[in-house]
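Worksheet: one structure, shown below.
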Amino acid sequence: MMLRYHAWLRDKMGCGAEHIVLPDKVKNVGMLLDWLPGQDERFKRAFKYIDVVLVSVNLHHADRNHPVRDEDEITLSPPIAGG
């Protein structure tokens, strides 16, 4: 699976994108978001405020129930505010 990070998530992760191997037990976006913080300290720190992040699966907005597969591209984008 390809994970892409935008804005402050990219800074916290130290990269704009990376490949991960999706375990069989992870079946949807919610399970992915719950599983990732346990993988290493980078995810744990970066995902502290994951509830405000917008998730896309293959360039389409997705909620926590949206299914995921190993061949998907997941984009994580924090909301952006201007002023």
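For I80, state whether it is modelled with pLDDT of 95 or more and either closer than 14 Å to Y5 by Cα or among the hydroxyl-bearing types (S, T, Y) (or both).
Values: modelled with pLDDT of 95 or more: no; either closer than 14 Å to Y5 by Cα or among the hydroxyl-bearing types (S, T, Y) (or both): yes.
Taking the combined requirement at face value, the residue does not satisfy it.
Could you go through segment 46-66 and let me know if any residue there is among the hydroxyl-bearing types (S, T, Y), over 11 Å from the mean Cα position of the chain (by Cα) and within 16 Å of H6 (Cβ to Cβ). If you could, list the steps in order and put the result at the bottom.
Initially, segment 46-66 is screened for residues among the hydroxyl-bearing types (S, T, Y), giving 49, 56.
After this cut, where a residue has to be over 11 Å from the mean Cα position of the chain (by Cα) as well, the list is 49.
Now narrow it down to the ones that are within 16 Å of H6 (Cβ to Cβ): 49.
So far as segment 46-66 goes, yes, one or more of its residues are among the hydroxyl-bearing types (S, T, Y), over 11 Å from the mean Cα position of the chain (by Cα) and within 16 Å of H6 (Cβ to Cβ).
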(message) So the check is Cβ under 7 Å with 6+ separation or different chains; which pairs have a first residue in segment 44-60 that's without any contact (Cβ under 8 Å) to a residue 24 or more places away in the chain and a second one that's small (G, A, S)?
(response) S56/A62
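The values are calculated or read from the model by the stated rules, or taken from the named source; none is laboratory data. Since the structure is predicted, the reported quantities are computational estimates derived from the model, not experimental observations. Don't worry about glycine lacking a Cβ; one is built from the backbone with ideal geometry, like all the others, and counts go over all protein chains shown.
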